[in-house]
Structure formats: structure tokens, C-alpha cells
1. Would you be able to say whether some residue in the range 316-339 is within 21 Å of the chain's Cα centre (by Cα), open to solvent by 20 Å² or more (accessible area, probe 1.4 Å) and not charged (D, E, K, R)?
2. Do any helices (runs of 4 or more DSSP H) lying entirely in the range 283-341 carry at least 3 residues that are in contact (Cβ under 8 Å) with a residue 24 or more places away in the chain and touching a Gly at 6+ places or on another chain (Cβ under 6 Å), and which ones are they?
3. Are there any pairs, at least 6 apart or on different chains, whose C-beta atoms fall under 6 Å, with the first in the range 28-53 and without any contact (Cβ under 8 Å) to a residue 24 or more places away in the chain and over 22 Å from MET321 (Cα atoms) and the second open to solvent by 60 Å² or more (accessible area, probe 1.4 Å) and of a type in the set (Lys, Arg), and if so, which?
4. Look through the range 178-210, keep the residues that are among the polar types (S, T, N, Q) and modelled with pLDDT under 90, and return whichever of them is surrounded by the fewest Cβ atoms within 10 Å (Cβ to Cβ).
5. Filter the range 275-292 for residues that are farther than 26 Å from ALA254 by Cβ and β-branched (Val, Ile, Thr); which is least open to solvent (accessible area, probe 1.4 Å)?
6. Within the range 111-154, which residues are part of a strand (DSSP E or B) and small (Gly, Ala, Ser)?
7. Is there any pair linking a residue in the range 245-268 that is more than 20 Å from GLN301 (Cβ to Cβ) to one that is buried (at least 22 other Cβ atoms within 10 Å of the Cβ) and of a type in the set (Gly, Ala, Ser), with Cβ under 6 Å and at least six apart or on different chains, and which?
8. For ALA272, which of the numbered conditions (1) of a type in the set (A, V, I, L, M, F, W, C); (2) on the phi > 0 side of the Ramachandran plot; (3) surrounded by fewer than 17 Cβ atoms within 10 Å (Cβ to Cβ) fails to hold?
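The values are calculated or read from the model by the stated rules, or taken from the named source; none is laboratory data. No experiment lies behind these values; they were computed from the predicted model shown. Here the Cβ is made from the backbone with ideal geometry for all residues, glycine too, and neighbour counts use every protein chain on show. These accessible areas exclude ligands, DNA and RNA; they are computed on the full protein's heavy atoms, side chains included. Shrake-Rupley method; radii C 1.70, N 1.55, O 1.52, S 1.80 Å.
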Amino acid sequence: MTQTLTVLGLESSCDDTAAAVVRQRAVDPADILSSIVFGQNELHSAYGGVVPELAARAHAEKLDQCVREALATANLTLADLDAVAVTAGPGLIGGVMSGVMCAKGICAATGLPLVGVNHLAGHALTPRLTDGIPFPYLMLLVSGGHCQYLLVRGIEDFIRLGGTIDDAPGEAFDKTARLLGLSQPGGPAVQAEAAGGDPARFRFPRPLLDRDDCNMSFSGLKTALLRQRDQIVAEKNGITRQDRADMCAGFQQAVADVLAAKTRRALRLYLAENPVEPTLAVAGGVAANTAIRAALQAVAQEAGVVFLAPPLSLCTDNAAMIAYAGIERFRGGARDGMDLAARPRWPLDQSSPALLGSGRKGAKA
């Protein structure tokens, strides 16, 4: 299929309500005609994290407005679209259901084809949206809910080389911020504090570096910071601003060191594929952290591969990546019916054992 495709994408898997229109002419680079995101930080700030019920309600209230704004910004109508793509999982089930039902309603009313997209595939295919890089490439997806090394061989061909066995880095940053009385989301707050801190003052653990694989663990790192905080409080009857800055700097450095070490191992596995244009791509909100990004860039340079990080607006949750992944799937012949289900769990690599456990609804990641 080589014709021009214009696709509306919808994303509502967590706490960002998003709609976007993306167009691609044959094999040319894709154009983002619009990308609208309504965040929910203020809605959840008083609770120290995302409240699923509140998030789902906000998605249901905002999706229609988001779609209207995306179409208006692109100067298009529903009649100008070729398909509607929507995140069908994984994510908070209430939010995913809101997006899927909205997409179904549009398709039922217009007759447009429906394409369900795995949220993780949207992140994993973003380097093709921004830079058109060829398969295979190595993707590090590092965010608030996920941390995986993915060997991206094709539109539907993902091999997980490793990932976190507990907390994702973004989740660990959020918990660290709460432990130290910082604002949410925790990533930017911890980075801002770390800028004035000494990363060498507190030597936090680097979990699983003794294992020659690509799996990671960040839960123990968060616990170590909690114990260090309590020790300082017991000794001083409180913590100073400098204590907090030093703890943030030490925590951030530990995360960066773990990701750098595991990335070296993942690159060795990836380079065995003999890629035509060796590329390490990174996506997810944590990719915005300057210390982590610098560490990953150094590893890529050391290995002689291209380092690629999409713009921050496309690293965090957005609908442009969903629209583009929908275009890729649509060109490959994918179509979904009105029985498309919202899935709270949906691993990209169906062949590898689950890292985060599984239950009646299947593997988390």
C-alpha cells in the first residue's frame, strides 16, 4: 500500500488525554499535522500520584474536545481521514476504555477503519516517525511505567532483551520525590534538586550489575534512599536543603550508572544482528533527564552507534506516535472490528516470559 494516508490517533492510557493527526505520503517521512495533549497534573497533584478513577473520568470528558482541536489545527474534517488509530493497551483500564470507545464511536459514525495500537509500540516506532530509521534498531523505553530494551525488527516484530523486574525508573523518581517532600511529577523535581547536589556524598546501590543480562531493579535503590533519609533525620532531627540535593544527585547518578551498564550489554546483543545503520534510540519521559541522557550518549559513542532521542513532546505520552503506529499497521493490512478490547496488560514480545508477573489478565510487560 503506497498511497497517502491520513490518520487520527487517540491516546488515553494513563494521565494524558491526547489526539493527533499524522499524514504520510507513500514512503516519504510522516508529517505531524497536529498534536494536542491535555495533561492531568493538577488533577492528581494532591494525591501524590495518578488516581485511576479520576483519570478515566477526565479522559471521558476531554477526548471529544481533544479530537475537535486536533482536526481544527490540522484544518481537516473526519471526511479527510483514512483511519482512526487508538491505544488499546496496556494502561489504566478506565482510561484505555475511554479512548477505545471514543474511537469506536467515530468509526461507527463515519465508516472509517479502526486500528488498535499497543501503547509501547507507539513509543518503540517513534524513531521511524521522527527520523525514518530502518529496522533493526535498539530501543530503550524508559518512563514512569515501563523500562525495557527492545530489539525492533519490524512493525510487529519486537524482541525484549531485558527490562525492570520491579519499579520503572520514572516510578522510582516519583517515589523519591515523595520521600523527600518534592513536587510531582518526580523526575523534573529530583533533577532540579540534583543540580545543586554532590552525587558522590551518598553511595547508593547499583542493583543487578553483578548479573550478565539486561534486567534491572530500582525498588531497592528507592529503599536505600529512604533509609539514608531516616538516618539523617535521626542524627540531625531533620534534613537540610543540601542533604536533600545530595541525596537526589546520588540517586540520579545511580539510575544513570545502571542504565549505562545495562545498555552496554543490550548493545552487544543488538550489534550481533549486524544492523545496516546501528542506532540506539531512547523514548519515555525519563529520557528527558539530562544526566541519564548524557550517560546513554556516552555509551552509544563508545560503541560507535548513532544515539537518537526524539523531542521531549514525542518522548512522553502523545497521540502522534499512536497515529503513526496506526499508519504502519494499516499499511501492513491491520484492521480491527468493533470487538476491539481495551487491555490493561499487553506485552510487545509475546514469546518472552513476563518480567513483572502475570495474572488472569495476562502479563504486564
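1. Yes, the conditions are met somewhere in the range 316-339.
2. Counting at least 3 such residues, we get 320-331.
3. No pair meets every condition.
4. My answer is SER183.
5. Looking at the filtered set, the residue picked out is THR279.
6. GLY116, GLY154
7. That search, which allows pairs on different chains as well, returns ALA245/GLY197; ASP246/GLY197; CYS248/ALA194; CYS248/GLY197; ALA249/ALA194; ALA249/GLY197; GLN252/ALA194.
8. Failed condition: (2).
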